[in-house]
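Let me begin by presenting the structure, written as structure tokens, before commenting on it.
What follows draws every value from the coordinates through simple rules; no lab data is involved. Keep in mind the model is a prediction, meaning the values are calculated, not measured. With ideal geometry, Cβ positions are generated from the backbone for all residues, glycine too; neighbour counts draw on all protein chains shown.
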Amino acid sequence: MQLVINQLSKRYPNGVQALNNVSLTIQQGMFGLLGPNGAGKSSLMRTIATLQEADSGSIMLDNLDVLKEKDTVRRILGYLPQDFGVYPKISAEEMLTHIAQLKGIQNAGERKDTVQSLLHRVNLYADRKKALGTFSGGMKQRFGIAQALMGQPKLIIVDEPTAGLDPAERNRFYNLLSEIGENTIVILSTHIVEDVRTLCRQFAIICQGELMLQGDPDDAVQTLEGKIYGKRIDKAAIDIYKQQYEVISVQMKSGQLSLRVYSDDDPGNEFIPVSPVLEDVYFHQIASKVDLVTI
Ligand code: ADP
């Protein structure tokens, strides 16, 4: 199974071009979608999830025309939106049972089995009778993935699922996602760039509605080998460095700035070569469109 997005464009009525000729091929497994705020990630995910129309282009899931055969897509889709709200007074078990009904699981016994097995899978069985409004952020997101997994979807879309989770909750959530298996397409958008390297064998970077890069995270990091240099500088000197080098990131460390630059050749000037990370790939790709260094 593969998802092929071809020349997809979307302009909102207010004139914002959220997607500009985006073409992407997504294979089975975890696919990471990276991009700054406003890049178009949610617009892309909502379009794949059949929740909004594109202006032009196509999305094919094997032979299934996603933009036209919406009902068929919805039957095999699991979606966890960014702003996933819950009914605060209903218990996790009641809500999942209701969703199972909506998903067309008619048989009461089968419905019960499905709900119980999902509650176990996301480790919420012990909390199944508690009202959703009392759940922590991590529990809410695990509940969110349980509802997205209802009906054994073949295509799962999760939009920034770890926002607001602490590191332990995030790990637990990612372990859960990784278990979903290899015969499913899981599209994950996140702000945490290194998570994509850990979790995903395929990824893409979009910025201002345009696809900047797609491929294997390890390969992408490899292409920057020998091209990333680091140096500590005084904050006052940053503008001079910005003029002379392609600065891809700066971090404040004990009153000094730790600078990373991209350079095809050794820049000299006391820069030292450093090992590239996926964040370097990300910043290097979006540097042409976004001012990364505003101090
Ligand atoms: P991301 O998920 O990467 O943050 P979005 O897809 O939410 O990006 O947004 C892409 C651009 O489209 C942004 O400039 C955003 O303000 C704009 N946008 C998103 N949704 C709407 C909408 N319903 N109407 C008008 N503009 C929108």
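Summary of values
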item: On Cα atoms only, tilt of 167-179 relative to the major axis of the chain in degrees; result: 60 degrees
item: Per DSSP, loop GluC sites (Glu not before Pro) in the stretch 57-119 with at most 14 further Cβ within 10 Å; result: GLU69
item: Gain on full stretching of the segment that runs from ASN21 to VAL290 - 0.36 nm per residue minus C-alpha separation; result: 94.9 nm
item: Neighbour-count order for MET1, MET95, MET252, MET30, fewest beta carbons within 10 angstrom listed first; result: MET252, MET1, MET95, MET30
item: Antiparallel DSSP beta bridges within the stretch 119-227, as percent of all bridges there, nearest 5; result: 50 percent
item: Over the stretch 17-146, relative contact order from alpha-carbon pairs under 8 Å, at least 6 apart, %; result: 20 percent
item: Order of VAL247, VAL274, VAL66 under a 10 Å beta carbon neighbour criterion, fewest first; result: VAL274, VAL247, VAL66
item: Extension gain (nm, one decimal) between ASP216 and ASP265, 0.36 nm per residue minus Cα-Cα; result: 15.2 nm
item: Relative contact order (%) - the chain, alpha-carbon pairs under 8 angstrom, separation at least six; result: 20 percent
item: Descending principal axes extents, the stretch 95-252, alpha-carbon based, whole Å; result: 68, 32, 25
item: Calculated from backbone phi, Karplus (6.51, -1.76, 1.60) coupling profile of the stretch 258-267 in Hz, x at Gly/Pro; result: 9, 9, 10, 10, 9, 8, 5, 10, 4, x
item: Residues listed by number, the stretch 50-71, amide nitrogen under 12 Å from ASN6 label point at 7 Å toward C-beta; result: 57-66
